[in-house]
Amino acid sequence: MFPKETYRARRFALRTLLCASGGSYGGPDSGSDGLVFLPGNGDSPRNYRDNAYPFRQDSTFLYLFGLSVQGLDALVDLASGEATLYGDDARMDDIIWTGPLPTVAEMRDMAGAERSASAALLARDLAAARAAGRTVHFLPPYSDAVRLRLSALLCLVPEELDRFASLPLIRAMIALREIKETAEIAELEKAAGVSVRMHSAALRGARAGMSEARVAALATEEALSGGGDLSFPIIATTHGEVLHNHGRAGTLKAGGTLLLDAGAESPEGYAGDLTTTFPIGPRFSDRQRDIYSLLLSVFATATSLLAPGTLMREVHKAASKTLAEGLVSLGIMKGDPVEAVEQGAHALFFPHGLSHMIGLDVHDMENYGEDLVGYDDDTGPRPAQFGLSSLRLAKRLKPGMVHSVEPGIYFIPGLIGLWRSERRHESFIAYGRLEDWLGVGGMRNEEDWLITDSGARRLGPSFDKNLAAIEAARSGI
């Protein structure tokens, strides 16, 4: 945990935003007489109650209270500013399995909250607030267990909860969490550092004949050794053209490539997220080399433009233009690259967005609503164009934002076949030449970047992914 003053300051800032009159955070369901209800997470059983998935606290609860303990809930009173932590002390029947645990009163003090109460009193206090006509702010639930609890506590039909979730609370939380504090940046540096070790272990340890699962195990060992955990399920695949290929049943074969998308979570819950593509043998083939070199050029275009005030949507478009120019030079695309990007023809090879925010979640805050996190009045609504519609972060960059940069180049047989049958963008795509490139599969390069007052910098230790460095790391394989 951070010092208790950190959580007090965050709750004070939240209250200030919600109590502000008018503006982005006020409105008819805001005001200074409401409550903010923050349910914590509990264990999630795999197949029976005592065999649970690894516990992960709700990120909003973690941000405002810092307690990674199941069975806790909280209310923040906007009128008084008081925070109340609800929960029950562990029983001896629990402690013999878990070891000593802090009491709820002790956790209240650790989080800098003013009051604590038993879990049974939460329903009473919420009912009293509702009877008094006080607004109860809550966030849209992402788990069925929390959805059912909210439904019972707030007397709302489960299907109605998203509609009644507090937009002022969502906007206030985004405003707070999208700008990282100094202590948060230090945690993100740790997560990026362990993530680099994960990728370095795979880069130096992968061999032809090894299973994809074994490569994932090399990376996982580094994540656990870092004192935290994985920030998301590892992608370790010889079929990089499958964007989120979580199956790891394949075998590494000489002449192919491996795409590793993996990141570590720091002990405080902050995420790293890197992607590396490398040859399974000591060197890329000629076609693999051409695509990897182009990928690095696209990445360099994107990172050169990162700065406060820049729209991330425009960075995505500039990176797409570099991609289209390179594909035209290779004979894969044709025509005017600028027009090809405007029409969306390049998205056949780059069908996802360039970036997403990173923080306590690997896709930070997206449980609040992806469009609310990544778009605003400045950007306008999410565009409908294929590829560009998958851009999660489009808004203007600010100092303190942390986000991924992750261009990719893919040859997806099913998508190519569909577009070709529809004669889509045939004035820009050299369909007759694509068969020769299908064996390249897919490549992606991803790093985590912090926007600074004067520009941007990559998080984590040096990790050279230039072609020569990658092949040097693979030499002797």
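Per the conditions (1) small (Gly, Ala, Ser); (2) over 18 Å from Glu181 (Cβ atoms); (3) modelled with pLDDT of 95 or more; (4) open to solvent by 10 Å² or more (accessible area, probe 1.4 Å), the sole criterion not satisfied by Ala74 is (4). Within segment 273-280, none of the residues are open to solvent by less than 50 Å² (accessible area, probe 1.4 Å), outside any loop (DSSP other than H, G, I, E, B) and of a type in the set (Asp, Glu).
Each row is one residue, and each column tells you yes or no for (1) open to solvent by 50 Å² or more (accessible area, probe 1.4 Å); (2) within 20 Å of Gly387 (Cα to Cα); (3) at pLDDT 95 or above; (4) of a type in the set (A, V, I, L, M).
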residue: His246; (1), (2), (3), (4): yes, no, no, no
residue: Ala249; (1), (2), (3), (4): yes, no, no, yes
residue: Gly255; (1), (2), (3), (4): yes, no, yes, no
residue: Arg287; (1), (2), (3), (4): yes, no, yes, no
residue: Leu294; (1), (2), (3), (4): no, yes, yes, yes
residue: Ser297; (1), (2), (3), (4): yes, yes, yes, no
residue: Ala302; (1), (2), (3), (4): no, yes, yes, yes
residue: Lys317; (1), (2), (3), (4): yes, yes, yes, no
residue: Ser320; (1), (2), (3), (4): no, yes, yes, no
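Against the list (1) open to solvent by 40 Å² or more (accessible area, probe 1.4 Å); (2) over 24 Å from Asp448 (Cβ atoms); (3) among the β-branched types (Val, Ile, Thr), the condition Val242 fails is (2). Total residues in segment 375-397 satisfying the condition of being assigned to a helix (DSSP H, G or I) and without any contact (Cβ under 8 Å) to a residue 60 or more places away in the chain: the figure is 2.
When segment 335-379 is filtered for residues that are among the acidic types (Asp, Glu) and either surrounded by fewer than 19 Cβ atoms within 10 Å (Cβ to Cβ) or over 25 Å from the mean Cα position of the chain (by Cα) (or both), the ones remaining, listed by number, are Asp336, Glu339, Glu342, Glu366, Glu370, Asp371, Asp376, Asp377, Asp378. Annotation note: Cβ proximity below 7 Å between a residue of segment 241-253 that is under 16 Å from Gly439 (Cα atoms) and a residue that is among the basic types (Lys, Arg) and open to solvent by 50 Å² or more (accessible area, probe 1.4 Å) (sequence gap 6+ or interchain) occurs for Leu252/Arg207. Among the residues of segment 318-335, the ones that are in contact (Cβ under 8 Å) with a residue 60 or more places away in the chain, more than 18 Å from Tyr431 (Cβ to Cβ) and among the charged types (D, E, K, R) come to 0 in all.
When segment 109-120 is filtered for residues that are among the aliphatic types (A, V, I, L, M) and exposed (fewer than 13 other Cβ atoms within 10 Å of the Cβ), only Ala120 remains. In segment 197-210, the residue that is nearest to Gly460 (Cα to Cα) out of those that are hydrophobic (A, V, I, L, M, F, W, C) and open to solvent by less than 10 Å² (accessible area, probe 1.4 Å) is Met198.
Counting only residues that are open to solvent by 10 Å² or more (accessible area, probe 1.4 Å) and outside any loop (DSSP other than H, G, I, E, B), segment 428-439 holds 8 of them. Restricting Ala213, Ala175, Ala183, Ala236 to residues that are open to solvent by less than 20 Å² (accessible area, probe 1.4 Å), small (Gly, Ala, Ser) and either modelled with pLDDT of 95 or more or over 22 Å from the mean Cα position of the chain (by Cα) (or both) narrows the list to Ala236. Among the residues of segment 201-215, those identified as part of a helix (DSSP H, G or I), within 22 Å of His246 (Cβ to Cβ) and touching a residue at least 60 places away in the same chain (Cβ under 8 Å) are Ala202, Leu203. Contact map, segment 86-108: first residue exposed (fewer than 10 other Cβ atoms within 10 Å of the Cβ) and hydroxyl-bearing (Ser, Thr, Tyr), second residue at pLDDT 90 or above and assigned to a loop (DSSP other than H, G, I, E, B), Cβ cut-off under 9 Å, separation 6 or more or different chains; pairs are Thr98/Ala90.
Looking only at residues in segment 383-396 that are touching a helix residue (DSSP H, G or I) at 6+ places or on another chain (Cβ under 7 Å) and within 20 Å of Met173 (Cβ to Cβ), the one that is surrounded by the most Cβ atoms within 10 Å (Cβ to Cβ) is Leu393. When segment 216-233 is limited to residues that are among the hydroxyl-bearing types (Ser, Thr, Tyr) and in a helix (DSSP H, G or I), the one that is most open to solvent (accessible area, probe 1.4 Å) turns out to be Ser225. In segment 289-305, the residues that are within 17 Å of Ala469 (Cβ to Cβ) and free of Cβ contacts under 8 Å to residues at least 40 places away in the same chain reach residues that are buried (at least 22 other Cβ atoms within 10 Å of the Cβ) and aliphatic (A, V, I, L, M) with C-beta atoms within less than 9 angstrom, at least six apart or across chains, in these pairs: Ser297/Leu323.
The values are calculated or read from the model by the stated rules, or taken from the named source; none is laboratory data. A quick note: this is a predicted structure, and the numbers were derived from the prediction, not measured. Positions of Cβ are generated from backbone atoms using ideal geometry, with glycine treated the same way; all protein chains shown enter the neighbour counts. Note: accessible area is taken over every heavy atom of the protein model, side chains too, but ligands, DNA and RNA are not part of it. Shrake-Rupley method; radii C 1.70, N 1.55, O 1.52, S 1.80 Å.
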